[in-house]
Amino acid sequence: MSSEEILREVAVEVSTCSKCNLCKGRTRAVPGEGSTSAKILFIGEGPGYHEDQQGRPFVGPAGQFLDELLASINLKRSDVFITNVVKCRPPQNRDPQPDEIAACNNYLDRQIEALKPRVIVTLGRFSMAKFFGNEKISVIHGRARKKDAGYICIAMYHPAAGLHQASLKDVIREDFKKIPLVMAEAERMAAAAPKVAVAPKKNEEPPQQLSLF
């Protein structure tokens, strides 16, 4: 299956998913959207009110800030792919629960596999936890790490954090300026990689932190 076909399949499954209780309160599921050949994947936490109404990710105030951030590095939404760790809105925008994240994990893994992004940008601590474990976002935001799967992951605050805490807005803006540098490094890695993929060993070494940041 092509990446487009896989992403479409995931979207169809998400639209009728009943794996967890979030399905009971949703208006529309939000599988994600963007370019099917995107080199950069943004992963947020979960849909809010506006996203639940429209079935699209990041269309409320946080989404408007994200659009501004993308424009600041000469990107548009159509250049990237945007999704969340959970695809249905948690009640009253509460934090997603572990069982809800687990229920959606296969969808996210399939989206990553379909896209094969060069760079994954995590927005907020719940998407960060999938790639960085128990580390604190206040400590590692803006840091990039190479992953054995061949992409580079960079942790960022969720755009909503900048709306709730004005002092973080400039921090987020500065972190976003690193994305083109990370992308350039990811492209260099891809060009230097052997053509034949090698299966990762069971006891993989910890992710490598880039000296850039």
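The values are calculated or read from the model by the stated rules, or taken from the named source; none is laboratory data. No experiment lies behind these values; they were computed from the predicted model shown. Reconstructed Cβ throughout: ideal geometry from the backbone, glycine too, with neighbour counts over all protein chains shown. We work out accessible area using only protein heavy atoms, side chains counted, and drop any ligands, DNA or RNA first. Shrake-Rupley method; radii C 1.70, N 1.55, O 1.52, S 1.80 Å.
Assign one of three labels to the stretch 1-80, namely rounded, prolate or oblate, based on the Cα gyration tensor with a ≥ b ≥ c the square roots of its eigenvalues; rounded applies when a/c is under 1.5, prolate when it is not and a/b is larger than b/c, and oblate otherwise. Oblate, since a/c reaches 1.5 and b/c is not below a/b. Magnitude of the charge dipole for the stretch 80-198, about its Cα centre and with charges confined to Cβ atoms of Lys, Arg (+1) and Asp, Glu (-1), is about 220 debye.
Sorting the segments 34-45, 162-173 by their mean number of nearby beta carbons within 10 angstrom, highest to lowest, gives 34-45, 162-173.
Let me know the charge dipole size of the chain about its Cα centre in debye, to the nearest 20, where only the beta-carbon of Lys, Arg (+1) and Asp, Glu (-1) is charged.
On the way: 30 positive and 25 negative charges, 37 e Å.
Roughly 180 debye, rounded to the nearest 20.
Approximating the spin labels as points 7 Å out from Cα along Cα→Cβ, the residue 190-to-residue 136 distance works out to 3.5 nm.
Could you work out the relative contact order of the stretch 1-62, using alpha carbon pairs under 8 angstrom and six or more residues apart, expressed as a whole percent? Dividing the mean separation by the residue count of the stretch 1-62 yields 31 percent. Taken per residue, the accessible surface of the chain reaches 52 Å², heavy atoms only and a 1.4 Å probe.
With a ≥ b ≥ c taken as the square roots of the eigenvalues of the C-alpha gyration tensor of the stretch 64-125, please select rounded if a/c is under 1.5 and otherwise prolate if a/b is larger than b/c or oblate if it is not? Could the numbers behind the result be given before it?
Details: a/c = 2.73, a/b = 1.39, b/c = 1.97.
Taking the square roots of the gyration eigenvalues as a ≥ b ≥ c, the stretch 64-125 is oblate.
Along the positive direction of the dipole of the chain (beta-carbon charges: Lys, Arg +1; Asp, Glu -1; about the Cα centre), which of 131, 64, 54 reaches farthest? Positive-end residue among those listed: 131.
What FRET efficiency would be calculated for the residue pair residue 54, residue 76, taking the C-beta separation as r and a Förster radius of 25 Å, to the nearest 0.05? Plugging the Cβ-Cβ distance into 1/(1 + (r/R0)^6) gives 0.85.
Highest mean packing comes first when the peptides 154-161, 95-102 are listed by Cβ atoms within 10 Å, giving 154-161, 95-102.
Separation of the stretch 122-201 from the stretch 39-53 is 17 Å, based on Cα centroids. This model, with +1 at the C-beta of Lys and Arg and -1 at the C-beta of Asp and Glu, gives the stretch 1-126 a dipole about its Cα centre of some 80 debye.
Sort 7-16, 125-134 by the packing proxy (mean of other Cβ within 10 Å over each peptide's residues), most packed first. Provide the component values of the computation, followed by the final result.
On the way: 7-16: 16.3, 125-134: 18.3.
So the order, starting with the most tightly packed, is 125-134, 7-16.
In straight Cα distance, which aspartates and glutamates are under 13 Å from residue 24, not counting same-chain residues fewer than 8 positions off? In chain and number order, the partners are 52, 100.
How would you classify the stretch 124-186 from its alpha-carbon gyration tensor, with a ≥ b ≥ c the square roots of the eigenvalues: rounded for a/c under 1.5, else prolate if a/b is greater than b/c, otherwise oblate?
Details: a/c = 2.69, a/b = 1.39, b/c = 1.94.
Verdict is oblate for the stretch 124-186.
Between the listed residues 104, 120, 31, the Cα displaced farthest toward the positive end of the dipole of the stretch 27-170, a dipole computed from Cβ unit charges relative to the Cα centre, is found at 120.
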